[in-house]
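Only one structure is covered here, and it is reproduced in the block below.
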2 protein chains.
Amino acid sequence: MKKVNLAVVGATGMVGRTFLKVLEERNLPIENFYVMASARSAGQTLTFMGKDYVVEELTEHSFDKPIDIALFSAGGSTSEKFAPIAAAHGCIVVDNSAQWRMDPKVPLIVPEVNPEDISWNSGIIANPNCSTIQAMVALKPLDDKFGIKRVVYSTYQAVSGAGVAGWKDLEDGLKGEAPKKFPHPIANNCLPHIDIFLDNGYTKEEMKMIWETRKILHDDDMKVTATTVRVPVFNSHSESINIEFERPFELADVVETLKNAPGVVVADDPANNVYPLAVDAAGKDEVFVGRIRRDESVENGINLWVVADNIRKGAATNAVQIAQLLIDAMQ
Amino acid sequence: MKKVNLAVVGATGMVGRTFLKVLEERNLPIENFYVMASARSAGQTLTFMGKDYVVEELTEHSFDKPIDIALFSAGGSTSEKFAPIAAAHGCIVVDNSAQWRMDPKVPLIVPEVNPEDISWNSGIIANPNCSTIQAMVALKPLDDKFGIKRVVYSTYQAVSGAGVAGWKDLEDGLKGEAPKKFPHPIANNCLPHIDIFLDNGYTKEEMKMIWETRKILHDDDMKVTATTVRVPVFNSHSESINIEFERPFELADVVETLKNAPGVVVADDPANNVYPLAVDAAGKDEVFVGRIRRDESVENGINLWVVADNIRKGAATNAVQIAQLLIDAMQ
């Protein structure tokens, strides 16, 4: 098997460290391994596969050496500047920021959903928004079978989605201290505000869910709306998803379709208090789907409750799965 | 002004104690005041308007004395047994349990929404479900003006809705202890499970929101669905509400309608990070509405974020407001 040279950019952040963990677990065929970050974090040591690596500062010359794949999770402005430099050197960037996601030249990929889209990349592949990824894993098999007409998302998002600073705000808040990252306390509170507000009154997080759902499911006209909310949970996003299908369905067929879908675990046994939970999903790579029930308020309607680890499947694991697709394609 | 004899049943519980607080604040014209509870809590002393009252045990003879109004918050089975006894003695019961809400002979009242329904009571008036009350205060003025065709509720409900035991589960959970009231940890978690599961896969809490919305808005055919979720917040319920109107609307008109609606406070200035928050609503009697924005995924659609103190407006305050209506009608 051909081995690759792989770099992790933004290696010291919450997603960056999880990149290393997931790469280890999945044992990717790596020849040379590099960890990079901003000047502030350069010089730190990270351990990977039992070996210590010194974090190097990300510069315009970082990609002068031969690197096949770079996993970026260093924020939009870093991606904006350095992903094209890496790509120009023949490296394929898998970027976790929102910077390139809606660029028509950049594929936006969830490996269980649209792996075929890697074929048209020109050096940058975008990793979707965390909330979108888990929804896509659940919705794609249903879209294929019943045709999705409209989706209403309401999210219950963990503080880990806001990185180390978000996590610390909840820790501090539980001790009665004021938040530093969030504009309001997150402990004992729900914040209907993730990412910045746009002119249409939606947050950028909400619009990401709308735009990215359409791009990943290849349906520019899909009807989608979203309300995204931060809740006082450390890790794993939960989502209440209301769906209107194009075609009639049997509920048992929806459950069966989800049970057979890649990356999905159906957790739906209310009689035994079994349904997806943030505490159960944390640390796992699957998307958990439950509370599957017909919505009688609309023709062909259904309600779902979808939970996944936003740092793993919602970010690091999805990016590593994309790297696996790239490596498979190189063989 | 005619003074009334008033009893609080279930006076030692979380809602019961708040009944006393709100009755004090609103200075209702009370002649004789009684506090009642089960044998377990009888004998305790509660202070009301600077005077101590010994909690008497609720028995079949509790209403032999002349009592005009009794506020019940003692659970469904207590209401089932004792509300008819009180009513047979000429007392009007305002009942906070779910026991009588869907009885066609029992009005279900939110004073800002359908005060006229007190006229056809026959001794029992039901106080709606906490999540329903706050939604109704926001939705009624919009229904009047634009006609509500369909509602999709996703709730973010505080542990105080499960009483003292729910509150303690979150306190204990934040210290790492196992839950006693809830079937799973509520700290660091979201539980898509409030009240019992019914045969259709919905929880009773979800069906309460569906049934009670229709009854309060006097529209048996209104299309409503709900996903109700417990979140690790001590007090105040938040709700993501997606609405489809019958008629076209201007967004400014929706905002203006809400600003002029009784019991509503519009908190909607995203540029300054102003939107309804559980921590801000706690201790208040108003329903806070924000994140008001057009939903482009459907004709005449809108998204709202609605927050209120579930123990006050969602229970005690609403019941005391009903008592005020009854007293006004007696003058």
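The values are calculated or read from the model by the stated rules, or taken from the named source; none is laboratory data. Just so it is clear, the structure is predicted and the values come from calculations on it, not from any experiment. Reconstructed Cβ throughout: ideal geometry from the backbone, glycine too, with neighbour counts over all protein chains shown.
Keeping to the stretch A:5-51, report how many residues are without any contact (Cβ under 8 Å) to a residue 24 or more places away in the chain, over 24 Å from A:N310 (Cα atoms) and surrounded by fewer than 16 Cβ atoms within 10 Å (Cβ to Cβ).
Counting residues in the stretch A:5-51 that are without any contact (Cβ under 8 Å) to a residue 24 or more places away in the chain, over 24 Å from A:N310 (Cα atoms) and surrounded by fewer than 16 Cβ atoms within 10 Å (Cβ to Cβ) gives 6.
Restricting attention to the stretch A:219-229, which residues are more than 8 Å from every other protein chain (Cβ to nearest Cβ), over 15 Å from the mean Cα position of the chain (by Cα) and surrounded by 22 or more Cβ atoms within 10 Å (Cβ to Cβ)?
A:A226, the sole residue that qualifies.
Give the residues of the stretch B:292-313 that are under 22 Å from A:R214 (Cβ atoms) and at the interface with chain A (Cβ under 9 Å from one of its Cβ atoms), sorted by residue number.
B:R293, B:R294, B:D295, B:E296, B:S297, B:V298, B:G301, B:N303
Name the single residue, out of those in the stretch B:194-218 being assigned to a loop (DSSP other than H, G, I, E, B) and touching a residue at least 12 places away in the same chain (Cβ under 8 Å), that is surrounded by the fewest Cβ atoms within 10 Å (Cβ to Cβ).
Across the stretch B:194-218, the extreme among qualifying residues is B:H218.
Inside the stretch B:224-279, can you point out the residues that are of a type in the set (D, E) and under 21 Å from B:I133 (Cβ atoms)?
Matches in the stretch B:224-279: B:E239, B:D268.
Which of the following residues is over 23 Å from A:N235 (Cα atoms), more than 14 Å from chain A (Cβ to nearest Cβ), in contact with a strand residue (DSSP E or B) (Cβ under 9 Å, 6 or more places away or on another chain) and of a type outside the set (D, E, K, R): B:G123, B:G163?
Within the list B:G123, B:G163, the selection yields B:G123.
Mind checking whether some residue in the stretch A:124-142 is surrounded by fewer than 17 Cβ atoms within 10 Å (Cβ to Cβ), more than 27 Å from B:V274 (Cα to Cα) and not polar (S, T, N, Q)?
no
So which residues in the stretch A:136-160 are under 13 Å from the mean Cα position of the chain (by Cα) and within 14 Å of another protein chain (Cβ to nearest Cβ), if there are any at all?
Within the stretch A:136-160, A:Q157, A:A158, A:S160 qualify.
Residues in the stretch B:293-305: is at least one of a type in the set (V, I, T) and over 24 Å from A:H184 (Cα atoms)?
yes
Restricting the stretch B:265-289 to residues that are more than 7 Å from chain A (Cβ to nearest Cβ) and either buried (at least 23 other Cβ atoms within 10 Å of the Cβ) or of a type in the set (K, R) (or both), which is farthest from A:A226 (Cα to Cα)?
B:K284
How many residues are of a type outside the set (D, E) and either surrounded by fewer than 17 Cβ atoms within 10 Å (Cβ to Cβ) or more than 23 Å from the chain's Cα centre (by Cα) (or both) when one looks only at the stretch A:164-193?
Counting residues in the stretch A:164-193 that are of a type outside the set (D, E) and either surrounded by fewer than 17 Cβ atoms within 10 Å (Cβ to Cβ) or more than 23 Å from the chain's Cα centre (by Cα) (or both) gives 17.
Among the residues in the stretch B:243-263, are any touching an Asp or Glu at 6+ places or on another chain (Cβ under 7 Å) and within 26 Å of B:L20 (Cβ to Cβ)?
Among the residues of the stretch B:243-263, at least one is touching an Asp or Glu at 6+ places or on another chain (Cβ under 7 Å) and within 26 Å of B:L20 (Cβ to Cβ), which makes the answer yes.
Would you say B:G166 is on the phi > 0 side of the Ramachandran plot and either outside the structural domain of B:R101 (by TED's automatic domain parsing) or at pLDDT below 95 (or both)?
No: the conditions fail for B:G166.
Can you go through B:I243, B:I322 and tell me which one is buried (at least 16 other Cβ atoms within 10 Å of the Cβ) and in the same structural domain as B:A11 (by TED's automatic domain parsing)?
None of the other options fit; the residue is B:I322.
For B:K208, state whether it is more than 10 Å from chain A (Cβ to nearest Cβ), out of contact with any helix residue (DSSP H, G or I) (no Cβ under 9 Å at 6 or more places or on another chain) and closer than 21 Å to B:V15 by Cα.
In short, no.
Tally time: how many residues in the stretch B:299-319 are within 25 Å of B:F249 (Cα to Cα) and either in contact with a Phe, Trp or Tyr (Cβ under 8 Å, 6 or more places away or on another chain) or surrounded by 20 or more Cβ atoms within 10 Å (Cβ to Cβ) (or both)?
Final tally of qualifying residues: 8.
Identify, please: which residue in the stretch B:58-78 is of a type in the set (D, E) and surrounded by fewer than 14 Cβ atoms within 10 Å (Cβ to Cβ) and is, among those, farthest from B:A315 (Cα to Cα)?
So, considering only residues that are of a type in the set (D, E) and surrounded by fewer than 14 Cβ atoms within 10 Å (Cβ to Cβ), the one farthest from B:A315 (Cα to Cα) is B:D64.
Kindly evaluate A:I186 against the criterion of being touching a helix residue (DSSP H, G or I) at 6+ places or on another chain (Cβ under 9 Å) and more than 9 Å from every other protein chain (Cβ to nearest Cβ).
Yes, satisfied.
When the residues of the stretch A:72-113 are filtered to those that are within 16 Å of the chain's Cα centre (by Cα) and charged (D, E, K, R), which remaining residue is farthest from A:D195 (Cα to Cα)?
Only one residue fits best here, namely A:E112.
When the stretch B:230-264 is examined, which residues are found to be of a type in the set (D, E, K, R), within 11 Å of chain A (Cβ to nearest Cβ) and over 27 Å from A:V233 (Cα atoms)?
B:E244 - this is the single residue of the stretch B:230-264 that is of a type in the set (D, E, K, R), within 11 Å of chain A (Cβ to nearest Cβ) and over 27 Å from A:V233 (Cα atoms).
Assuming A:R293 fulfils every condition listed in (1) charged (D, E, K, R); (2) surrounded by fewer than 21 Cβ atoms within 10 Å (Cβ to Cβ); (3) over 14 Å from the mean Cα position of the chain (by Cα) apart from one, which condition is it?
(2)
Just to be sure before I move on: is A:N310 over 16 Å from the mean Cα position of the chain (by Cα), modelled with pLDDT of 95 or more and under 26 Å from B:T225 (Cβ atoms) in the structure I sent?
So A:N310 fails the test.
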